[in-house]
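Worksheet: one structure, shown below.
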Amino acid sequence: MASTLTWLGHGTWLIETQGHRVLLDPFLNDNPKAPLKADQVECEYILISHGHFDHVADAASVAKRTGATVVAIFEICQWLQNQGVENAQPLNLGGGCQLPWGRVQLTPALHSSQLPDGTYGGEPGGFLLSLPEGKVYFACDTALFSDMKLIARGGLEVAVLPIGDTFTMGPEDALEAVKLLQPRWVIPCHYNTWPPIEQDAQAWAQQVRQHTTSQPMVLEPGEKFTLGQQ
Ligand code: NI
Ligand code: MN
């Protein structure tokens, strides 16, 4: 079965691959766009990009209920383990690990990363996943940075980029990111959750079609993208 990426609104994704379920940046209960609540999601792994509430809010509760293994920078793993999360795979920037469904690498991001209670969250990151259909890059919360072209070496099947502006790069810089990354597909996220990050994703997709060779895919919260499409 082909791998799929389901957008759960904002920066939250459910990745289903080879019979495994992987949740990225769980922010469900207080996310006005999430199609489900934290107690409705099942997963074996939880990837966390950085310490902000809109990325970690439901991490501890989902990890404790499901027994999922948290994959995150060392400091965030420690913070969750202090709350009773049992399974963690700590990483640091540039490092990766092989999981039963593919390699996961923690990539740099230009952002900040304090945890909700003020604890130091380490450095913010993104994730590069090696799936059977190709590599998938979740930039997560970040500004544009030129080393994106290093992350993309070897080719990307999909890049998932924030376009919301205000707290991450906005549409213009995200378009530049597409040019650096040259993914086969690009999917926008981290927009329209609240008024300060409202964006016209269809207009952005039109810019991507006009100015790059990547194919944009605009999802609604709850919709999934199936990898390996032409
Ligand atoms: Ni953030
Ligand atoms: Mn965020």
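The values are calculated or read from the model by the stated rules, or taken from the named source; none is laboratory data. Small disclaimer: the values here were computed from a predicted structure and weren't measured. No Cβ is skipped: glycine too gets one built from the backbone with ideal geometry, and neighbour counts run over all protein chains shown. To get the accessible areas, we keep the full protein, side chains included, count just its heavy atoms, and leave off ligands, DNA and RNA. Shrake-Rupley method; radii C 1.70, N 1.55, O 1.52, S 1.80 Å.
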### Query
Given ASP165, ASP200, which one is within 15 Å of ligand 2 (Cβ to nearest atom) and either basic (Lys, Arg) or open to solvent by 10 Å² or more (accessible area, probe 1.4 Å) (or both)?
ASP165
### Message
Anything in region 101-144 that is buried (at least 18 other Cβ atoms within 10 Å of the Cβ), hydrophobic (A, V, I, L, M, F, W, C) and over 24 Å from GLN18 (Cα atoms)? List them, or say none.
### Response
ALA109, LEU115, LEU144
### Task
Look at SER113 and say whether it is within 16 Å of ligand 1 (Cβ to nearest atom) and touching a residue at least 24 places away in the same chain (Cβ under 8 Å).
yes
### Message
All but one of (1) within 16 Å of ligand 1 (Cβ to nearest atom); (2) closer than 23 Å to HIS20 by Cα; (3) part of a loop (DSSP other than H, G, I, E, B) hold for THR168; state the number of the condition that does not hold.
### Response
(2)
### Task
Sort through GLU75, GLU86 and tell me the only one that's exposed (fewer than 15 other Cβ atoms within 10 Å of the Cβ), more than 29 Å from THR213 (Cβ to Cβ), over 16 Å from the mean Cα position of the chain (by Cα) and among the acidic types (Asp, Glu).
GLU86
### Message
I'd like the full set of residues that are open to solvent by less than 10 Å² (accessible area, probe 1.4 Å) and either on the phi > 0 side of the Ramachandran plot or part of a strand (DSSP E or B) (or both), limited to region 179-188.
### Response
VAL186, ILE187, PRO188
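Hey, can you tell me all the residues within region 33-60 that are farther than 24 Å from GLN105 by Cα and surrounded by fewer than 20 Cβ atoms within 10 Å (Cβ to Cβ)?
Applying the first criterion (farther than 24 Å from GLN105 by Cα) to region 33-60 yields 33-40.
Residues satisfying the conditions are LYS33, PRO35, LEU36, LYS37, ASP39, GLN40.
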### Query
Looking at this structure, is GLY154 closer than 25 Å to PHE27 by Cα, more than 16 Å from ligand 2 (Cβ to nearest atom) and open to solvent by 10 Å² or more (accessible area, probe 1.4 Å)?
no
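Name the residue that is surrounded by the most Cβ atoms within 10 Å (Cβ to Cβ), counting only residues in region 91-100 that are more than 20 Å from HIS20 (Cβ to Cβ) and not small (Gly, Ala, Ser). Break it down stepwise before answering.
Narrowing region 91-100 to residues more than 20 Å from HIS20 (Cβ to Cβ): 92-95.
When the remaining residues are screened for being not small (Gly, Ala, Ser), the result is 92-93.
Details: ASN92: 12, LEU93: 15.
Residue satisfying both the conditions and the ranking: LEU93.
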### Message
If ALA2 meets every condition in (1) away from ligand 1 (no atom under 16 Å from the Cβ); (2) open to solvent by less than 30 Å² (accessible area, probe 1.4 Å); (3) of a type in the set (Gly, Ala, Ser) apart from one, which number is that one?
### Response
(2)
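Please tell me if GLU16 is charged (D, E, K, R), open to solvent by 10 Å² or more (accessible area, probe 1.4 Å), part of a strand (DSSP E or B) and modelled with pLDDT of 95 or more. Full working, then the answer.
Numbers: charged (D, E, K, R): yes; open to solvent by 10 Å² or more (accessible area, probe 1.4 Å): yes; part of a strand (DSSP E or B): yes; modelled with pLDDT of 95 or more: yes.
Answer is yes for this residue.
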